[in-house]
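One structure is given below, encoded as structure tokens.
The values are calculated or read from the model by the stated rules, or taken from the named source; none is laboratory data. Quick caveat, the model's predicted, so the values are computed rather than measured. FYI the Cβ positions are ideal-geometry reconstructions off the backbone, even for glycines, and counts take in every protein chain you see. Each accessible area value is taken on the protein alone, full model and side chains, heavy atoms only, with ligands, DNA and RNA left out. Shrake-Rupley method; radii C 1.70, N 1.55, O 1.52, S 1.80 Å.
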Amino acid sequence: MNESRVKSRLKKIQISAAGVEGNLLFVGSLLLLTGVLPPEFKSILGIGASLNVLMTIINVLAIKGTDGLNILLLLMGMESMDVDDIKCMTKKKNRRILLTSEGYDGVAKLVVCYMITSLQWLYPIMILLDVIAVIGCFL
């Protein structure tokens, strides 16, 4: 769904969280099937559930292109910002001073900017772990 027509911030958060909820619903259905189906399928369904949990964790992180970043930016009222803008806010001293002069809200935004910037390094590691888990399934 395109959230450009939605005015409410809460509705936009719900739209962004729908992907995460779908992943968790799929994990739950796979785990339920492991209890019903014969033992031959339990390992395959368990691996599928584990991989989907890992993908859900990746999707929740505040990383460029994930739902977690959209949700966090909407919660902080910074939805119009891009990751590059956020990196500029942490690098330039005058922008940091401007944010901290806004009080607690500005300091919270600055902390979120630092968190988002540092999480960008975590994304390739999580993808690598996901690939290793998939390869491990077939060995």
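Worth a mention:
- Residue list for the stretch 82-103, filter: of a type in the set (S, T, N, Q) and modelled with pLDDT under 80: Thr90, Asn94, Thr100
- Matching residues, the stretch 125-139, being part of a helix (DSSP H, G or I) and open to solvent by 50 Å² or more (accessible area, probe 1.4 Å): Ile125, Ile127, Leu128, Leu129, Val131, Ile132, Val134, Ile135, Phe138
- Checking the stated criteria, Glu79 turns out not to satisfy the condition of being among the charged types (D, E, K, R), under 19 Å from the mean Cα position of the chain (by Cα), under 27 Å from Ser4 (Cβ atoms) and modelled with pLDDT of 80 or more.
- Scanning the stretch 44-87 for residues that are under 21 Å from Gly22 (Cβ atoms) and among the charged types (D, E, K, R) yields Lys64, Asp67.
- Residues of the stretch 31-77 that are outside any helix (DSSP H, G or I) and surrounded by 17 or more Cβ atoms within 10 Å (Cβ to Cβ): Leu61, Ala62, Ile63, Thr66.
- Among the conditions (1) open to solvent by less than 40 Å² (accessible area, probe 1.4 Å); (2) within 28 Å of Gly19 (Cα to Cα), the only one that Leu99 does not satisfy is (2).
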